[in-house]
Structures are given as C-alpha cells and as structure tokens.
Number of protein chains: 6
Amino acid sequence: MKILLLNPNTTEAVTDLLAAAAAPGLSPGTELVKSTAPRGVPYIANRAEALIGGAIALETLAAVQHEYDAAIIAAFADPGLGAARELFPLPIVGLAEAGMLAASMLGRSFSIVTFTDALQPWYRECVEWTGMAARCASIRTLGEPFQAIGNVQHEKEEKLVALAQAAVREDGADVIITAGAPLAGLAARIRDRIDVPVVECVVAAVRMAEMLVTMNPRKPTAGTYRRPPGKPSIGLDPALAAWIAGDS
Amino acid sequence: MKILLLNPNTTEAVTDLLAAAAAPGLSPGTELVKSTAPRGVPYIANRAEALIGGAIALETLAAVQHEYDAAIIAAFADPGLGAARELFPLPIVGLAEAGMLAASMLGRSFSIVTFTDALQPWYRECVEWTGMAARCASIRTLGEPFQAIGNVQHEKEEKLVALAQAAVREDGADVIITAGAPLAGLAARIRDRIDVPVVECVVAAVRMAEMLVTMNPRKPTAGTYRRPPGKPSIGLDPALAAWIAGDS
Amino acid sequence: MKILLLNPNTTEAVTDLLAAAAAPGLSPGTELVKSTAPRGVPYIANRAEALIGGAIALETLAAVQHEYDAAIIAAFADPGLGAARELFPLPIVGLAEAGMLAASMLGRSFSIVTFTDALQPWYRECVEWTGMAARCASIRTLGEPFQAIGNVQHEKEEKLVALAQAAVREDGADVIITAGAPLAGLAARIRDRIDVPVVECVVAAVRMAEMLVTMNPRKPTAGTYRRPPGKPSIGLDPALAAWIAGDS
Amino acid sequence: MKILLLNPNTTEAVTDLLAAAAAPGLSPGTELVKSTAPRGVPYIANRAEALIGGAIALETLAAVQHEYDAAIIAAFADPGLGAARELFPLPIVGLAEAGMLAASMLGRSFSIVTFTDALQPWYRECVEWTGMAARCASIRTLGEPFQAIGNVQHEKEEKLVALAQAAVREDGADVIITAGAPLAGLAARIRDRIDVPVVECVVAAVRMAEMLVTMNPRKPTAGTYRRPPGKPSIGLDPALAAWIAGDS
Amino acid sequence: MKILLLNPNTTEAVTDLLAAAAAPGLSPGTELVKSTAPRGVPYIANRAEALIGGAIALETLAAVQHEYDAAIIAAFADPGLGAARELFPLPIVGLAEAGMLAASMLGRSFSIVTFTDALQPWYRECVEWTGMAARCASIRTLGEPFQAIGNVQHEKEEKLVALAQAAVREDGADVIITAGAPLAGLAARIRDRIDVPVVECVVAAVRMAEMLVTMNPRKPTAGTYRRPPGKPSIGLDPALAAWIAGDS
Amino acid sequence: MKILLLNPNTTEAVTDLLAAAAAPGLSPGTELVKSTAPRGVPYIANRAEALIGGAIALETLAAVQHEYDAAIIAAFADPGLGAARELFPLPIVGLAEAGMLAASMLGRSFSIVTFTDALQPWYRECVEWTGMAARCASIRTLGEPFQAIGNVQHEKEEKLVALAQAAVREDGADVIITAGAPLAGLAARIRDRIDVPVVECVVAAVRMAEMLVTMNPRKPTAGTYRRPPGKPSIGLDPALAAWIAGDS
C-alpha cells in the first residue's frame, strides 16, 4: 500500500518531522511517500493561508494521485480536505480529523494543544466542519513567540506539557491532541507526563488511511463527494485544469 | 461610497446580471464597481472550485481593496469570505450570508432554490458555516440540464417557481432565496407568484455592505478576524504575497 | 421612505437618544419618525414588562402602521417582534436582531454589553429566539446602580469600556454590541478604545429596515408570518381590535 | 391545596371543558378554581393573541394570586408563562410544558396533534422555548374549518384519531399530545384507538402544580425568575401596576 | 395506588433515607414500598456499576412489577430506566429525570450538586440521555473523601450549601438539584440557605409516578418503548428470562 | 498484536460470520481471537438486552482482558462500551462507533441499514451516545420476518440493497453502514450495487483497534474513563467482582 504524505506547507523540515513521527505507526507493507508544497507559505496558520494552501494541495494531488492508494493532507486543520475528497477517487485523510476521531474513542472530550495563538480561529472552524465541536473541551495555545518552527516542540516542551495538564484539570479534557505538524513526535515524548491519553495525529492519519484503503470504498456517484461534472477553466495549473475538465 | 462587486467566476455575463439586479437597490451616492475573475472557472459549483476561486478572489482583493469602502464576494456560497475578512480591513459581504440574514427577518425559516443539483453539497456547507442550518428548511434544486448559464433563469423560470412553491408547501419555507449569481434578477420577476417573500441576494448584499460602511467598524486587533502577522511566501501572486508579507 | 421608530418604553428622553444615534446612519431620502409608548413602563427590563410593552406596541402599530414603509421596535430585546410581523404587512425590525445580524458579518461571535444585571434573563431569551445563541460569547452587565436612565451611558462609560474589553479578552468576543436603548450613541464614542468592532444597534436597525423596504417583500399568505384570520375580541384597544377583526 | 385554573381565553365553555377534564386527575384535598379571561379573544391561536392574552393573564394573577398555592395558565402554548414566573412567588404551570414533560417520561419523542393549521407557528415557538424541540417529532394539524370551538373535539374526533396514528406511523411519535384547550377530555376518549400513550395536558398540569406545591420551592432571589425591582408605570391595570411597583 | 421504590444499590440505609424523604411528598392513598438490591454494589457511582445495577433492577422488576402501579428507579442517574420502560407495562420513573423535569419548571437552568467527584462522568451521560444538557448549568461535586455513605449529607452539609451557592453565583444556576440517593432529605433542610429553589428528587419522582398512573397511559405497541418480541435466553435470572421469553 | 473479538450474543454462528468478515482486514501480525457470550440472548436487539449483554461482556472482559492488547465489542450498538472503557486499561472498540467514524471520512452523512425494525430505538440511542446524530441521515430497517439469523444477509440481500439505495436517493446518505453482526460480510458483496461507499463495521473495528494499540495510549488517571476506586460488591461474577474491588 502506497500513501502520499502531502504537506501543504513549503517547509521540508516539517515534512521530515511528520514522516519521522509516522514511521513507527506504519503497518508492514505500507510505504509512505513525502511531498512538500512547491509554493505557498512556510507554515499555514489561518483561513487565508489554508485557502491558498488548500488550492495548491489540489494541484499536487491532480498531478500525482494516480500513483497512490490514499493521501494524507498533513497540516492540522486539513486545508482542502473536502475539496480533495470531492475531486479525487482515492481516500483522503486529514491530520485534524484523524486525530479527533481517534480521540473520540479514548474519551468523551478532547482538548487541542498547540504552540501559537495565531492558529485558534482556523482550528475552531476545522473542529466545527468536522462535526466535533461538542467533543472539543478547549483549544489551548501558547501566547508567546518561538524561535524556529522546526524546533518549537523542543523549545516549548515544558510549557506545552503544562498547557495540556491545564486542559485536563480546568477544561475537563479526557484526551489531549497535540496539534500542528511542527509538533509531530511530541505526543510520544510527553505521554507519561499527562494524566490522559495524548494523540499523535500523523499516526492516527496513516492508520486511518490504511483502514480506508483496506475497506476498498467505491468512488461515489451520488452524494456529497461524487465527482463534479467536467468543466473548462482559465489560467489554472495544467494538471488540475485537466482533472477539472474531466480527464481520468 | 464605493463598493466592489467581485465575481469570482470568469463569466462576464454573470457579473452583468448581478450588477443589473443590484442597481435598483443601491442607495443614492453608492457606486458599485464590477469585477470578473481573470482566471478560474466559468461558474463555481462545488467545494473544489470554491477553494480555487476563493484563493483567486484574495488575489483581486489584495490588488484593489485600497480603492473601496467595502467588497461583495458575488457568488452564492461566498468563496473565500472568512479568509478575506481575516486578511483585509474593509467590510466584506457574501451573497449567501446577506441573503440568509435578510431572510431571517422575514420568516423563521427559508428555502434555497437553485438551478442545478451540482450546487447542493457546497451550499449545504455554506449554510452551516454561516450558522443558519437551523433556519434552512431545504435546499431545492432542479435535476435537469440547462442550455446556457447566462439565460438559465429565463429557460427554467416556470420550473423554479414550481420548486419554490413546493418548498413553501412541503418543506414549510417562510421565505424563498433564489440562489446562485445566474439567477440574479429572478426574484423581482416571480415575486407575485410565490406565497412568501422572495429574497434577491445581490440587493441584500449591497444594502448590507452599505450598512457596514455606515457603521464604520474598526479592523479588529483581537478575535477571529484580526489580521495575521506578516509572513514570507513562495510563488504566490505578487499583490497577495505582498499583503501576506505584511504590507499596508 | 418613511420609517417608524417605535419606542415601547414611556421615556421620551430615550426615544430622543435613539433618534439622535440613528440620524447619521440614515440614507438620503429616509424619514425616521419618533414614537414613545403612551403607557407602560419607563424602561422595559424583563419578560413581564416586555409582554406588557409588546402588547402596547401592537396597539400603536395598529393605529399608525398604514402611514409607514417599515417600523423599528426600538427596545433591545425586541418586545412583540414576532407578533408584529405576524399581524402587519410592513417590514418590522428589532434593535437586538438587527444588531446581532450585523455583528455576525463582522465576527464569528459577539458579546452583548449593557448597564444592568436586571436585563440578563430577558436578553438571553431574545438571543435564543433570534437563533443566535451559538454566536453569543457572553452577555456582560454592570452589577451596580446608576443615577438616571437618560445619562447612564455617560455615567458608566469607563466601566462599560472595561466590560467590553473583558468580553473580548476573557470570553473571546469578536464584536461588541452595546445593548439597550439608553446606550444609543455610545458605540461611536468608544469605538477606538475597544479592540474589536462595536455595533450601534439603532444604526443597524434603520439600515436593515431600509434594506427590507428596498427588497419589497410581499406579505406572506403561507408560513409563519401569514396574517391570522379575523377574529372578534372583547375589551381590547379599538384600533388593535379592528385589525384583529380583519380590517385592512 | 388551592390551584387557579386560569384560562386566558374569553370562552367560558372552554374553561368548563378544561375543568371537567382535570377533575378526575386531582389528588384528594386539591381544589381547582376556574377563571376565564375578562377581555381578550375567544381562543388564542397565534403569537399576537398570545402576547395580548399573556399580558391579560398577568392582570388576573396580580389581582388574585395571593389566594392560591399555584396557578395553571390554561392555554396550550402557555402565554405569559415566563413572565408570570418572574413576577409572582407561587408556582406557575403551563398546559404545553406540563404535557411535554409528562410525554418525555413515556417516550423519546412526541407529536402534538391539534385541530387547526392556524396554531402551528405559535406552537412551534412554544416547543422551542420549552427546550423540547429535539423531542418533538411533529406538530400535526387539521387543515379544514370547524363549526364550534366548544364542540370541535367531537366533530373532528375521527380525523384527529387518524392524524395521531399518522404521527405514530409516519413521524415516529412515541407519544401523542392532544393540544389546545378545546380538546380537553379527548385523550381519555381515544386512548384505546392510538398505538402509543396519549397525554391529557390539563391532567399533567394539575399534577405538576401539586408536585411543585408539595416541593415548597422558595421564590428565588437570584437567577432567571427572581422578582424584578419595583418600578413605576403609566396606564396599566391597577393591580398589575401595584405589583410591578413592588407591592407585596 | 401502590408504587415500588426500587433502590438498585445494596445499602438498605440509603433505601430508608429515600423512603423517609419521600414520605411527606406522597398523596393521600399512595403506598410506597421499599426494595433494596439483593446483589450489586453498595452505591452505584459510575457507568460500569450502573450497567450492572441496571441489569439487576430488571431482575427485580421482572419478579414483582405485577404488584405495582408504577416503579421508581431510585438512584440518581437512573440505571436501566430506558430498558425498564421498554420491557414492562407500568410507568417507570427515575430520580434524575424527575428532578430535572421538575427543575425545568422552576428555572431556565439547573445545577446538579453532589458529594463526590466519582459521579461526574456518569451524571453527565444521564443529563445528555434525558435531553437536558442545554438546561444543565453545571455538575458540581465535592472533591474530598467522606466517612460513611449513610451520613455524608450531614457530614458535608456546610460544604454542599457552599457548593450550591457557588453554582448559583458562578454558573448561573436557577435551581439546585441535590443529587444522589445518599443526599435524600437534604433539600428541605438547606432550603432557606440557598438563593434559588432546591429540588428533592425523590419527592419529584413519587409525584411524577402518581401523575403517570393517573394519566393511565397504555403500553405502546409502536415506537421506542413497545415491548420487544419474545426471545429465548441462556443463564439469566429466571423471572427476567421468563419475561424476555414473552410471558405476561 | 492480539485482539479480542467479543461477541456479547450467545450465537456462535454470528461470531464466526464476524471473524470471517474481519479476516481480510487484519494487518500482518494481528491475531484476532473469537469469544461468544456464555449466557444472555441469541441476538441483542434492544435496550434491555443490551443492558444485560453489556453487563455480561464486562464479566468476560474481567476474566480475560489481561491477555489482549485491545478488545472489540462485536454487536452493532456497542453494549457496555463506555463501561468497559472506564473499567479496563486496554483500548476497547465498538462495531457501531468504528463504523460511524470510518463513514464520517467517506461522506458528510451516513445511513444505517439493517434487517429488522426491532433494532431502531436502540440503534438511535447508540448514534446519539456516539455524538453522530447530526451525521446520521436515517436508520432504515426491513419490516418483515426472516428465517434464520445466521442466514438473514443472504435471504434478504436484494431487499437490503434496495433499502440502501433508497437511503442514498431519498435520505441523502453519502455512505451506507450495513449494521448488525448478522450482516457481517454483506458490505463487500453488495459494494458495486450501491452508489456510495458501504462500510463493513467489523473491518473498521479491527483497524481502529490496531490504530489505538499502535498509539499506545495510557490509561487515564483523570477524566471520564479513569478507573473508578475499588469497591466491595455482593453476588457478582467472581472475576468482575475482583476487578471492581480494585484488583489488578
């Protein structure tokens, strides 16, 4: 089974973090292939960047999806997830959705813990889109600057642990989701310092992707994710334009 | 007062329909300036096209927003609306949101009536994002092909009237929203054949935009629509890249 | 266009405050006519007074509605709004509903800030009736006495600013609604001291009324606001009794 | 124990129907005293009439509540219920609320069955105010004229049975509530012809009133139903004005 | 009228507390018969114990329900309530549901106050099952050990009063529900020290049971609580097995 | 990895069906061990049987859970799932929850299709408990008798396909969940005759169990699934009693 790990950010160091955190979670026989966005922003952090990065993710998928059994959109609030599911025939998984669904089997509520305030509004919309708002006890963020996106999980480790414990004690979180691709790998490291389970989203995502491939779902011809009819376009990325035009 | 009518579709005939339907609704002193997307699809009809078209709308806004008091994203399910509000300091209005808010003052529930099945899933997500799901009695669509997007409102007029009346009688709609830019102008024409009020979204939108300009709201420095911090990017449209980088 | 500004309170000073705050928001050609309740309480502050004041508002509307294009029920929690919409053919707007709908285009959530604890339970029910509970971050009130209803906005200005900022920082409000007719005019004065937009309800209300008149909605013959069949009554205000009896 | 059966309609025949249906449900030692509205409409059927009738109910309560242990507002959608609870110290029960709460112990969902379409919008708002919308499978109404309000339950008995059975079979109702004071007494008569329990609201209401009296709840000095501070008024019914002024 | 007070706990002292608290609430002519679980745990405090205790409650009901007009499952979060309603023809009432429904007539929101943290997760699920989550301001618990379950209400009386007042002032509770059978009788004792009404669940429960018996509802043959078809079983309690097999 | 497939029904043929359907979905290295309830009913179909069967499932888990990495409660509405998660330290998965979570990645809504009306009320409660009600388009059941539980999926195959297609076309289902252990294996067989993906719950369940084991979550010491304190009991199954008493 071959799964695409599509990072819609332009920072390769983050893609590497994700792949490293995912590696111990892969089933025998699963190959995970890394991809970093060729254009966009270093780290998507809000609705506007998610819109831009989501559209760029569609370009990548249009170009390479034929080669994969499933794809993971590897940024926490899942930019372009619904659009990708609509367009393409292979199962598509998002880090945030996978993490929240996994969390919902480990507790009645979860808190999302991340490293910067800037992510809050976008994360909130993602939780609502995923239908998980009633399960979300809180989104807790650090309100202070950090030095480098690739090292933020180490620099802030103690503060993130404290934030997670505050979510457990004050917000009633039954599970902690460490959110944001730059925190990939943190969950395993802090596991024993948090009173409740900690979910590593990229492990959840690869396992969810494997599950969907195993279930062998058909591409729907009815309902919300049926493929739209072919349509001309102007000025779009060639591979994406061809797919929108109805190519197969 | 100068308002941008930003059609994120590439079809100028649809922009013209919208402008014509809006004209009788403008207050004295309001100037409405038309804009048609330079690239994208002829008519946005699903999540994937909305993602692409929304990102293109941000490019246009980055280039010209300094010249306007407010902007209208003139496609029914409001592609890029939240992202545009986050990025830019001027009030931004969407056709769908404006129409639904207006409808909520004319009844307890509304139905959305449009010309093609393809729009359903995307419209549904828009209703949910806008927080209006509890008010939405139904989304009714015609399940048959049409000849030309610029003339669909005339070709299907009788069928759309029947669909609206079915929404009133079978779904309990208190208000009808004729949705989709290609139907701009239809509401006034069928007003007397429907048992409940019919909302013309582009009129609602221009009036909402005027209201917001009159209220002179400040650009928030806190909360969901505060401007994100400046950030570098790779390979984006120059005006949008400059704005994301923090230019003013 | 002629709009009735119907204050269901008996305090003319409050009506004058409302009219003054509304004035800069009127479109060219709009005439706003003041009306103060001939009987009732000086300032409606709870469900019981709203029931009484709402019924009195219907009496006024029955007597004069023929002369207007639209009416505004000018007390924040909109006493009698649904009843008035049901009975009469002209568009009716409420301060609270107009303010909350305007706020919903400026943020994802709003807080309502007002000058006395007494208003909380009634405001809460209004928010729910309007379908805006999911958008309402909090209702913040001052828990201390004030000297005169006509001057409370000046007496408590600093405390109301602090309350609004607390709503932004602690409750996550994206927009502040200064609520209650006695605070009319405050929003503009404190605009620059609050981190998010501040909504002036009476400006929202006149602009919403103008919008609805412009849209020229028909009186529904089906649905929730269809006019009830004529019916006899005993001991009611003559104009209202006549209208309920089916006069036109 | 002495309970006031306050019919906010002006039709004594309906009060008598209610009292007769209630009689077999009274506990030993309970005295139920009838009261018919001295002014208002013969039968409240919509929001406007509920507003007017609710305010008149407050006048009656202000005059006589000292003599009772509890009061029942005896019209199905409970006009003035919240206002009465706020103002007065005795337990106040509504027909609709009592019926719906009773129904919620007999099934997971209920349908409301009544004799005229005109009642639908008002009933719907009552269900929402009571917080029972998720339990309400449907509101089913007869869409045809009837001869006399005092005899409608006999005239339409067969059709109401058919309507109730349709609610069970098509809407999934687990319980039927026969709604509207003019149907008082019908539930017992049709009990064996309906596949699920049928709730007689006035029996539920007297039993709920007895329960609340037995529980001896204090008048709250905090929260939603604390008594509002005394306040002057103009032109109101003398007993009500005195109570609003703070008399005890 | 003969009502079974079925305590699904094995502690007779708690059954006695419940019966004593219920006694002053009984109508003339009602006989309340005590029953204590023959096996299970001393005091049910979580989902697992509720599952076990609920199944044991079904055994008792299968053996004795023929002798009663109604039954009360006398543990706060109502173990086995839905299952018992489904299986048996007599009205079944739960302490928690009865208390919450009574509270909903005395305020818009309630808080549940109890003596140990351990009960929180299970109580939360009960509130949701009953459809009362929107009414529940908080579940407040004492986070400290106690000496004896039969005396906990006296030992912790002052702390429970403080907890209730905190719920009123900080959580906005309009009503307090003292929850858990070991607190039976506390409500009356602390009534005058709390700013809002305090609900005694077992009084609510006996009165609700009397009401349902008075209403004489039929056992449904359709809907959620219709009796399941007869079925064989292995290794179950004989009376329960016989009832499940379809005996009458 | 060793996973327990715990069928809480007493029918071994159903356990075999489940194991056969699960087999192609297992990852290399996963061992799935079958277990059939030693007492209870042949096929759990309602709340009462779920309560009984859930308590029996706890007995089995108490006896054997030490030997497994995870367990699956293999009856569609997941009897005892929350209780088992609370009591035991290993990940526990339910067929229904796993199927619904998988479905939520393949569409926005799903319909549950099963072979008998009797299951509806219980399934409905399961959907609500899992927090998936907003995603559930419908629960569709066959309203007719069948010959043998072990063969019902073959006997009714054509009718179940028609039911699934009706859910897609009339209820708007984006995904079909074939529900109930006796239908295990059906999904793969009918895959190409349904317009949308069909979820095989037992495959989802084993894959979810593998995922949770891979994530290595700690047993929480706080929150909803922390282990309850040890407690004595009377007359319970010895292994379960020992575990409840606090043994490890």
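Things worth noting here:
- Exactly one residue out of F:Pro91, F:Pro79 is outside the structural domain of F:Arg189 (by TED's automatic domain parsing) and under 21 Å from E:Pro229 (Cα atoms), and it is F:Pro79.
- Restricting the stretch C:61-82 to residues that are more than 14 Å from the chain's Cα centre (by Cα) and assigned to a helix (DSSP H, G or I), the residue that is nearest to C:Asn7 (Cα to Cα): C:Leu61
- The set of residues from the stretch F:40-53 being part of a loop (DSSP other than H, G, I, E, B), at the interface with another protein chain (Cβ under 7 Å from one of its Cβ atoms) and either of a type in the set (Phe, Trp, Tyr) or over 15 Å from the mean Cα position of the chain (by Cα) (or both) comprises F:Val41, F:Pro42.
- For the stretch C:12-54, the tally of residues that are on the phi < 0 side of the Ramachandran plot, open to solvent by less than 30 Å² (accessible area, probe 1.4 Å) and not basic (Lys, Arg) stands at 23.
- Filter result (open to solvent by 40 Å² or more (accessible area, probe 1.4 Å) and either in the same structural domain as C:Phe76 (by TED's automatic domain parsing) or over 30 Å from B:Ala134 (Cα atoms) (or both)) within the stretch C:135-148: C:Gly143, C:Glu144, C:Pro145, C:Phe146, C:Gln147, C:Ala148
- Residues of the stretch A:191-203 classified as among the β-branched types (Val, Ile, Thr) and at the interface with chain F (Cβ under 7 Å from one of its Cβ atoms), total: 3
- Scope the stretch B:180-194; condition in contact with a strand residue (DSSP E or B) (Cβ under 6 Å, 6 or more places away or on another chain) and outside any helix (DSSP H, G or I); matching residues: B:Gly180, B:Ile194
- Of all residues in the stretch B:177-191, those satisfying the criterion of being open to solvent by 20 Å² or more (accessible area, probe 1.4 Å) and either farther than 13 Å from B:Glu157 by Cα or touching a residue at least 12 places away in the same chain (Cβ under 8 Å) (or both) are B:Gly185, B:Ala188, B:Arg189.
- Screening E:Val33 against (1) at the interface with another protein chain (Cβ under 10 Å from one of its Cβ atoms); (2) in contact with a Leu (Cβ under 6 Å, 6 or more places away or on another chain) leaves a single unmet condition, (1).
- Near pairs, Cβ below 7 angstrom, 6+ apart or cross-chain, from the stretch E:149-169 (without any contact (Cβ under 8 Å) to a residue 40 or more places away in the chain) to any residue that is open to solvent by 70 Å² or more (accessible area, probe 1.4 Å): E:Glu155/E:Gln147; E:Val161/E:Arg193
- Selected residue (criterion: nearest to A:Tyr225 (Cα to Cα)) from residues of the stretch B:99-119 that are part of a helix (DSSP H, G or I) and at the interface with another protein chain (Cβ under 8 Å from one of its Cβ atoms): B:Ala118
- Top-ranked residue in the stretch D:66-107 [being of a type in the set (D, E, K, R) and on the phi < 0 side of the Ramachandran plot; ranked as surrounded by the fewest Cβ atoms within 10 Å (Cβ to Cβ)]: D:Glu67
Okay, residues lined up against (1) within 18 Å of B:Ile234 (Cβ to Cβ); (2) without any contact (Cβ under 8 Å) to a residue 60 or more places away in the chain; (3) not in a loop (DSSP other than H, G, I, E, B):
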residue: A:Ile3; (1), (2), (3): no, no, yes
residue: A:Thr10; (1), (2), (3): yes, yes, no
residue: A:Leu17; (1), (2), (3): no, no, yes
residue: A:Ala23; (1), (2), (3): no, yes, yes
residue: A:Gly29; (1), (2), (3): no, yes, no
residue: A:Pro38; (1), (2), (3): yes, yes, no
residue: A:Ala55; (1), (2), (3): yes, yes, yes
residue: A:Glu59; (1), (2), (3): yes, no, yes
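- Filtered residues of the stretch C:215-238 (kept if buried (at least 17 other Cβ atoms within 10 Å of the Cβ), more than 26 Å from B:Gly25 (Cβ to Cβ) and more than 23 Å from the chain's Cα centre (by Cα)): C:Pro228, C:Lys231, C:Ser233, C:Leu236, C:Asp237
- Number of residues in the stretch B:108-134 that are within 13 Å of B:Ala179 (Cα to Cα) and either open to solvent by 50 Å² or more (accessible area, probe 1.4 Å) or not assigned by TED's automatic domain parsing to the domain that holds B:Asp171 (or both) equals 3.
- Here A:Val196 meets each of (1) closer than 19 Å to F:Pro217 by Cβ; (2) out of contact with any Pro (no Cβ under 7 Å at 6 or more places or on another chain); (3) open to solvent by less than 10 Å² (accessible area, probe 1.4 Å) with one exception, condition (2).
- Tallying residues that are at the interface with chain B (Cβ under 9 Å from one of its Cβ atoms), of a type outside the set (Phe, Trp, Tyr) and farther than 26 Å from B:Ala148 by Cβ within the stretch A:204-236 yields 2.
- Selection status of C:Thr15, modelled with pLDDT of 95 or more and under 29 Å from B:Pro217 (Cα atoms): yes
- Test: residue in the stretch A:146-153 that is among the aliphatic types (A, V, I, L, M) and in contact with a strand residue (DSSP E or B) (Cβ under 9 Å, 6 or more places away or on another chain): no
The values are calculated or read from the model by the stated rules, or taken from the named source; none is laboratory data. This is a predicted model, so every value here is computed, not measured. Positions of Cβ are generated from backbone atoms using ideal geometry, with glycine treated the same way; all protein chains shown enter the neighbour counts. These accessible areas exclude ligands, DNA and RNA; they are computed on the full protein's heavy atoms, side chains included. Shrake-Rupley method; radii C 1.70, N 1.55, O 1.52, S 1.80 Å.
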